[in-house]
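Presented below is the structure to which this report refers.
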């Protein structure tokens with residue numbers, strides 16, 4: 001996971017690997033720390049290979065905690081795995097971030 005912060009007002013975190021039960025606690029600690037150190041947190045999901053219910057719960061927790069604290073969390077650059085889960089569970093409205101579906105041409109390369 002890599003982080004880029006901008007004077008404590010915003011930060012971007014790029015998650016690499018799986019967001020599953022096996023990494024949930026470690027990811028939670030890092031993501032909550034990042035959330036509490038800025039006003040606006042962007043979570044880049046491009047490098048996520050697998051997302052299970054624990055990963056979804058973690059993203060939902062971050063979104064709710066941000067709202068409770070008057071902060072914002074944005075999910076960006078959704079990987080195919082994250083798009084599939086968010087679509088299957090019909091959570092796009094809950095997260096409120098634009099989902100950009102890759103074109104068919106991009107999927108074939």
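Residues that are surrounded by 17 or more Cβ atoms within 10 Å (Cβ to Cβ) and in a strand (DSSP E or B) within the stretch 52-73 comprise just one, 73.
Of the residues 3, 20, 76, the single one that is surrounded by 14 or more Cβ atoms within 10 Å (Cβ to Cβ) and modelled with pLDDT of 95 or more is 20.
The set of residues from the stretch 81-109 being within 16 Å of residue 43 (Cα to Cα), surrounded by fewer than 15 Cβ atoms within 10 Å (Cβ to Cβ) and modelled with pLDDT of 90 or more comprises just one member, 94. Summed over the stretch 31-51, the residues that are crowded, with 17+ Cβ neighbours inside 10 Å and either assigned to a loop (DSSP other than H, G, I, E, B) or more than 11 Å from the chain's Cα centre (by Cα) (or both) give a count of 3.
Cβ-Cβ contacts under 6 Å between residues 6 or more apart (or on different chains), taken from a first residue in the stretch 74-95 that is without any contact (Cβ under 8 Å) to a residue 12 or more places away in the chain to a second residue that is in a loop (DSSP other than H, G, I, E, B), are listed as 92/99. Reported count of residues in the stretch 16-30, each being outside any loop (DSSP other than H, G, I, E, B) and touching a strand residue (DSSP E or B) at 6+ places or on another chain (Cβ under 7 Å), is 5.
The values are calculated or read from the model by the stated rules, or taken from the named source; none is laboratory data. Because the structure is a prediction, the values reported are computed rather than measured. In this analysis, Cβ positions are derived from the backbone assuming ideal geometry, glycine residues included, and neighbour counts consider all displayed protein chains.
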